[in-house]
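The values are calculated or read from the model by the stated rules, or taken from the named source; none is laboratory data. The structure presented is a predicted model; accordingly, all values stated were derived computationally and were not measured. Using ideal geometry, Cβ is built from the backbone for each residue, glycine included, and neighbour counts are taken over all protein chains shown.
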Amino acid sequence: MSGESGDVVRRERFSGGPARGFLSSMAADERIFEADLAVDRAHVVMLAEQGIVPEEEAGEILATLSEVEATGHDALPDGEDVHAAIETAVIDSIGPVGGKMHTARSRNDEVATCIRHRLREDLLEVLEATVAFREALVGAAEGQTETLLPGYTHLQPAQPTTVAHWLLSYEGAVARDTERLLDAYSRTNRCPLGAAAFAGTPFDIDRERTAELLGFESVLENSMDASSTRDFLLETVSALATLSTTLSGMAEDLILFSNKGYVELSDEYSSTSSIMPQKKNPDTLELVRATAGDASSGLNGLLTTLKGLPRAYNRDLQRATPHAWETVDAVREATDVAAGAVATAEWNEHQLEAAAGEGFSTATGVADALAMAGLPFRTAHELVALASEDASDYAALDAASEAVLGDPLAEYVPREAVEAALDPEASVASRDSQGGPAPEAVEETLAAAWDGIGADERAVDDLAEALGAAATALDEEVRSYE
Ligand code: ARG
């Protein structure tokens, strides 16, 4: 194929010289090779339907695109990018008529369409990963609604809760991550093709038709906006960075819990030391925690590259795209690993039960019990705070009552109510407010979580089906030119 002479776009004058490699996005473009072929096909079909390119010539071009697809990205001729290289391959194969493929478009609208086309698939994969992760969290929570867990604020023992309540706290967060990614999908799913360089085209093109052939939900209207915006990348990567922040927090919790012996990670999600034979380390979770760094650098890379770019297309945009691919890959993988680690972890119920009351974690519950008996909450808080300087038992509370109220505690609250509040299990059971840790409140959260997972699973399936149907329809359309 063309090799030495360069691609059809650059020819002799702009062969790139010493900056040839610097200008090229060929390696990174492998990711959009299939997308570019789909975009080429949809565009050529539309050109034929509109009578802009004769059907027979369109058929020749479409047949050649299939050959290009069969030989693959690595076999493409030299080119500045995948768009130029594929066009070169087509022209090399069938002659100048191949050059009709690029009628009424530019690489600017072409690349923008390719990125969106490919990103939809990546978004669907990461969406599936978030749903699977939520299934792992809720599945694990089902068996742990009564397993006590010390809850922390400021990493200090705060109030007892349960393992299920902790797991579902992450399910709630990842459900919102799913929501954000679905939102990003809906705005990625708009078609810029036909914007041309930025200023539209005099040809009588049908933008709705190419959008439909490529399975996009709508056309991105203003041609200057359509060819230059990368806000869909920002939105996607920002949703991924938010998800990775959720993941990193959960990884950190699990690392701490395994340090305290509350949980044991399965061997598959652990590693060991090359020198200390006894070691079992939570390395996979440390890597999940670190992925937040990748995502944050992807987001910053994008924001900084896009900031201050004038309208319309600028080559800076070529360097924006890889930030999105790198982030989506890193976060999807970390989500899968986090799901696996959660699904296979073993909770050490005895250790957890013993730890749940540590650090007078029931103090708030005791203050609540005194307030429920009629004491102002602030007075109850003062009384329990005074007792906690001494001990976390009834005797200390009684002494504090004498000091603060001038009477024994039993004058105000039945002793059994105080004893119950001092018991971590009873303390958890009493906190049955909506979304609270009491087992029956958690049962409701569990049911709602399964409903949400089911609904999101259907939403993701529908999107995947729509993409599949569009791809099949485009194939059929192309075959009708054979
Ligand atoms: N490889 C380029 C990119 O990724 C394609 C568009 C090039 N357009 C141009 N006018 N130089 O952005």
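Every residue in the stretch 21-41 that is outside any helix (DSSP H, G or I) and of a type in the set (A, V, I, L, M), please.
Applying the first criterion (outside any helix (DSSP H, G or I)) to the stretch 21-41 yields 24-27.
Within the stretch 21-41, 26, 27 qualify.
Checking 354, 371, 367, 417 one by one, the residue that is more than 30 Å from residue 262 (Cα to Cα) and either part of a helix (DSSP H, G or I) or in contact with a Leu (Cβ under 7 Å, 6 or more places away or on another chain) (or both) is 371 and no other. Annotation for the stretch 300-313: at least one member residue is within 24 Å of residue 247 (Cα to Cα), free of Cβ contacts under 8 Å to residues at least 60 places away in the same chain and assigned to a helix (DSSP H, G or I).
When each of 303, 317 is tested for being of a type in the set (A, V, I, L, M, F, W, C), more than 16 Å from the ligand (Cβ to nearest atom) and closer than 28 Å to residue 222 by Cβ, the lone residue that passes is 303.
Among 79, 51, which is the only one that is in a loop (DSSP other than H, G, I, E, B) and within 16 Å of the ligand (Cβ to nearest atom)?
Details: 51 fails: within 16 Å of the ligand (Cβ to nearest atom).
Answer to the check: 79.
Taken together, the residues in the stretch 316-350 that are loosely packed, with under 14 Cβ neighbours inside 10 Å and in contact (Cβ under 8 Å) with a residue 40 or more places away in the chain amount to 1.
Taken as a whole, the structure leaves residue 391 outside the set of residues that are aliphatic (A, V, I, L, M) and either closer than 30 Å to residue 169 by Cα or part of a helix (DSSP H, G or I) (or both).
Among residues belonging to the stretch 178-217 that are among the β-branched types (Val, Ile, Thr) and under 24 Å from the mean Cα position of the chain (by Cα), point out the one that is farthest from residue 332 (Cα to Cα).
Step one: of the stretch 178-217, the residues among the β-branched types (Val, Ile, Thr) are 178, 188, 201, 205, 210.
Still in the running and under 24 Å from the mean Cα position of the chain (by Cα): 178, 188.
Details: 178: 12, 188: 18 Å.
Here the residue is 188.
Please give the number of the condition residue 286 fails out of (1) in contact (Cβ under 8 Å) with a residue 24 or more places away in the chain; (2) charged (D, E, K, R); (3) assigned to a helix (DSSP H, G or I); (4) within 16 Å of the ligand (Cβ to nearest atom). So residue 286 meets the others, but not (4).
Please identify the pairs in which a residue from the stretch 101-120 that is at pLDDT below 95 and more than 8 Å from the ligand (Cβ to nearest atom) has its Cβ atom under 6 Å from the Cβ atom of a residue that is assigned to a loop (DSSP other than H, G, I, E, B) and not hydroxyl-bearing (Ser, Thr, Tyr), counting only partners at least 6 apart or on another chain. Filtered contacts from the stretch 101-120: no entries.
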